[in-house]
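The values are calculated or read from the model by the stated rules, or taken from the named source; none is laboratory data. If you're wondering where the values come from, they're calculated on a predicted model, not measured in any experiment. All Cβ positions, glycine included, derive from the backbone under ideal geometry; neighbour counts span all protein chains shown. When the accessible area is computed, the model is the full protein with side chains, heavy atoms only, and any ligands, DNA or RNA have been set aside. Shrake-Rupley method; radii C 1.70, N 1.55, O 1.52, S 1.80 Å.
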Amino acid sequence: MIISGKELSARLKAEMAEEVKGFPAKYGRVPHLVVVLVGDNPASVSYVTGKAKASAEVGIRNTTIRRPESISEAELLELIASLNADAEVDGILVQLPLPKHIDEDKVIAAIDKSKDVDGFHPLNVAALWQKQPCTLPCTPKGIIKMLKAAGVEIAGKRAVVIGRSNIVGLPVSKLLLDENATVTMAHSRTRNLAEVTRGAEILVVAIGRPKFITADMVSEGTVVIDVGVNRDPETGKLCGDVDFAAIEPKASVITPVPGGVGPMTICCLMENTIECFKRRF
Ligand code: NAP
């Protein structure tokens, strides 16, 4: 079974669009998401465009603020302070990565926690690990939604997450733990990785290396979630961290790249924006 993040996200966005239609009557306006893009990194530009397109589909007001690569950290922090203070702004997202002269952690921490639609603010991260109400980071949230939509029973399963980044690996491990999976976190220093991955009933791969996970690393019937977004060095096309063609026949459930985790991430961003908006009333 291939889980189409594209189809699931289209369904969820249509449901959100229905709900948002009622907001002007109920709240006097629609949610407003501000995306800040520094520089013109092509991948970032494409992500920001995708976010604007999804906002239009859902009926969320979207403002993209573009600033040159040369912007200083102080100027960016000033911009964030003004967005924090703007009562008509419900969600603030600073597209990462930022230029090297800007401290990303400082910028993320400067965003008002209640407008942190990415769920990256240290207080949101702390709340996630303490099981307090919080804005969940979009990619991990989307992964859990996909597993549930596919009818995957998570409780009691052996889940292996490869990658321990703040934006994917760590939070998805926590969400799987909260769903009562037995979670193993693997990374670049893990010994005998193939042995670890073969023991997985649910395998989440977030490494950033094209087709790194080969068929011999996956057991028959595994649920495989591929987070990676890479260029295939041979074809130049987008591909995941998983060798999809070789593993799909063995997996019970698998996500494609493109059209898997990516669209669900944007869908959850829309959901987070609506949640931040509603909390303001
Ligand atoms: P990251 O910050 O670079 O982290 C990569 C992780 O992979 C690290 O924890 C690293 O281990 C681990 N790793 C690297 N080489 C490894 C190896 N040979 N064996 C085992 N583990 C290894 O990356 P990220 O931000 O989490 O992103 C991962 C991928 O997901 C990228 O392709 C990114 O583009 C994609 N992504 C997709 C979405 C989406 O919405 N579809 C969202 C976010 C990210 P160490 O910690 O030991 O270095």
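Data table
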quantity: Cβ-placed point charges (K, R +1; D, E -1), dipole of region 32-102 about Cα centre in debye, nearest 20; calculated: 260 debye
quantity: Å² per residue, accessible surface of the chain at 1.4 Å; calculated: 47 Å²
quantity: Estimated inter-spin distance, residue 85 and residue 123, nm [label 7 Å along Cα→Cβ]; calculated: 1.8 nm
quantity: Two-site label geometry, residue 198 and residue 78: point separation in nm, points 7 Å out along Cα→Cβ; calculated: 6.0 nm
quantity: Using alpha-carbon coordinates, inclination of helix 138-149 to the longest axis of the chain, degrees; calculated: 50 degrees
quantity: Along the chain, longest interval not containing exposed trypsin sites (Lys or Arg not before Pro), exposed being DSSP loop plus at most 12 other Cβ atoms within 10 Å; calculated: 30-99
quantity: Computed E for residue 209/residue 96 - FRET, C-beta separation, R0 25 angstrom, nearest 0.05; calculated: 0.80
quantity: Whole-Hz ³J(HN,Hα) from phi, Karplus 6.51 cos²θ - 1.76 cosθ + 1.60, for region 112-119, glycine and proline x; calculated: 4, 3, 6, 10, 7, 5, 7, x
quantity: Bridge type composition, the chain - antiparallel percent by DSSP, nearest 5; calculated: 5 percent
quantity: Rg in Å to one decimal, and Dmax rounded to a whole Å, for the chain via C-alpha atoms; calculated: 19.0, 58
quantity: Pairwise Cα inverse-distance average, inverted: Kirkwood Rh of region 43-183 (Å); calculated: 16.7 Å
quantity: Heavy-atom accessible surface of region 79-234: percent carbon and sulfur, 1.4 Å; calculated: 50 percent
quantity: Principal-axis tilt of helix 73-85 within the chain, Cα atoms, nearest 10 degrees; calculated: 70 degrees
quantity: FRET efficiency, 1/(1 + (r/R0)^6) with R0 22 Å, evaluated for residue 1 and residue 158 via beta carbons; calculated: 0.70
quantity: Three-way shape call for region 211-260 based on the alpha-carbon gyration tensor, with the a/c threshold at 1.5; calculated: prolate
quantity: Net charge over other residues, Cβ less than 10 angstrom from the Cβ of residue 96 (K, R count +1; D, E count -1); calculated: -2
quantity: Label-point gap, in nm, between residue 131 and residue 109 - each point 7 angstrom along Cα→Cβ; calculated: 2.8 nm
quantity: Relative contact order [Cα under 8 Å, 6+ residues apart], region 5-145, whole percent; calculated: 21 percent
